[in-house]
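Heads up: the structure comes next, in structure tokens.
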Amino acid sequence: MKLFITDISAYNEGHLVGKWIKLPLAHEELVEAIYDVLREGELASGSEHHEEYFISDYEAEITIQEYDDLAKLNELAEAMEEFDSHDLLKFKFLKYEGFNEREIIENGVENYDVAIYDYSSDTSFTDVYELLAIDMVEEGLFGEIPDNLVNYIDYSAIGRDLSYDYVEFEDNILGRMS
């Protein structure tokens, strides 16, 4: 998570003074970064007592508001840093489904029962639902299928039916609430 913090007093006086910071940071480093921006704002504008800042830009998996609490964002960044690639996909799916991203992190992404199928590296098909159908048949989710019937399975039709339960929330990545 990267944020551009800007001195609000300097900004109001016509000076763009700010700094990119990458979260998470140690508390002392975060306080020092804010102090540096405010001090630079005082020097640029020639006035004193700069105390406020805002977030004018960001690069993150979550939505960030101008006046979000940096300490809280730092905590969220720490929690998100622990995500493995599967947890990150679960997080993105839950966000896509309308869940509050901060609540997901606070509750723990592992506490949500989500099925994710990642076909982003598979370029053999264009229909990811058909790939899902093939995987499910191979995993035995439709029971034991005799070898002499495997060639007669309509994976396209099964994929079409699965598309009612699963959603493609990113290119070639499917998910559903279990």
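Observations on the model:
- Subset of region 48-74 [free of Cβ contacts under 8 Å to residues at least 40 places away in the same chain and either open to solvent by less than 30 Å² (accessible area, probe 1.4 Å) or within 21 Å of Glu101 (Cα to Cα) (or both)]: Thr63, Gln65, Glu66, Tyr67, Asp68, Asp69, Lys72
- Taken as a whole, the condition of being surrounded by 13 or more Cβ atoms within 10 Å (Cβ to Cβ), closer than 27 Å to Gly175 by Cβ, free of Cβ contacts under 8 Å to residues at least 60 places away in the same chain and in contact with a Gly (Cβ under 7 Å, 6 or more places away or on another chain) applies to Ile116.
- Scanning region 1-40 for residues that are among the acidic types (Asp, Glu) and surrounded by 19 or more Cβ atoms within 10 Å (Cβ to Cβ) turns up just one, Asp7.
- Failed condition for Tyr67, given (1) within 16 Å of Ala10 (Cβ to Cβ); (2) assigned to a loop (DSSP other than H, G, I, E, B): (1)
- Residue in region 75-91 that is in contact with a helix residue (DSSP H, G or I) (Cβ under 9 Å, 6 or more places away or on another chain), open to solvent by less than 70 Å² (accessible area, probe 1.4 Å) and of a type in the set (Lys, Arg) present: yes
- Filter result (under 30 Å from Phe83 (Cα atoms), of a type outside the set (D, E, K, R) and in a helix (DSSP H, G or I)) within region 1-34: His27, Leu30, Val31, Ala33, Ile34
- Residues that are open to solvent by 70 Å² or more (accessible area, probe 1.4 Å) and of a type in the set (D, E, K, R) within region 119-170 comprise Glu138, Glu139, Glu144, Asp147, Asp154, Arg160, Asp161, Asp165, Glu168, listed in sequence order.
The values are calculated or read from the model by the stated rules, or taken from the named source; none is laboratory data. Computed from a predicted model, the values in this text were never measured in an experiment. All Cβ positions, even for glycine, are placed from backbone atoms using ideal geometry, and neighbour counts span all protein chains on display. Calculation scope for accessible area: heavy atoms of the full protein, side chains included, ligands and nucleic acids excluded. Shrake-Rupley method; radii C 1.70, N 1.55, O 1.52, S 1.80 Å.
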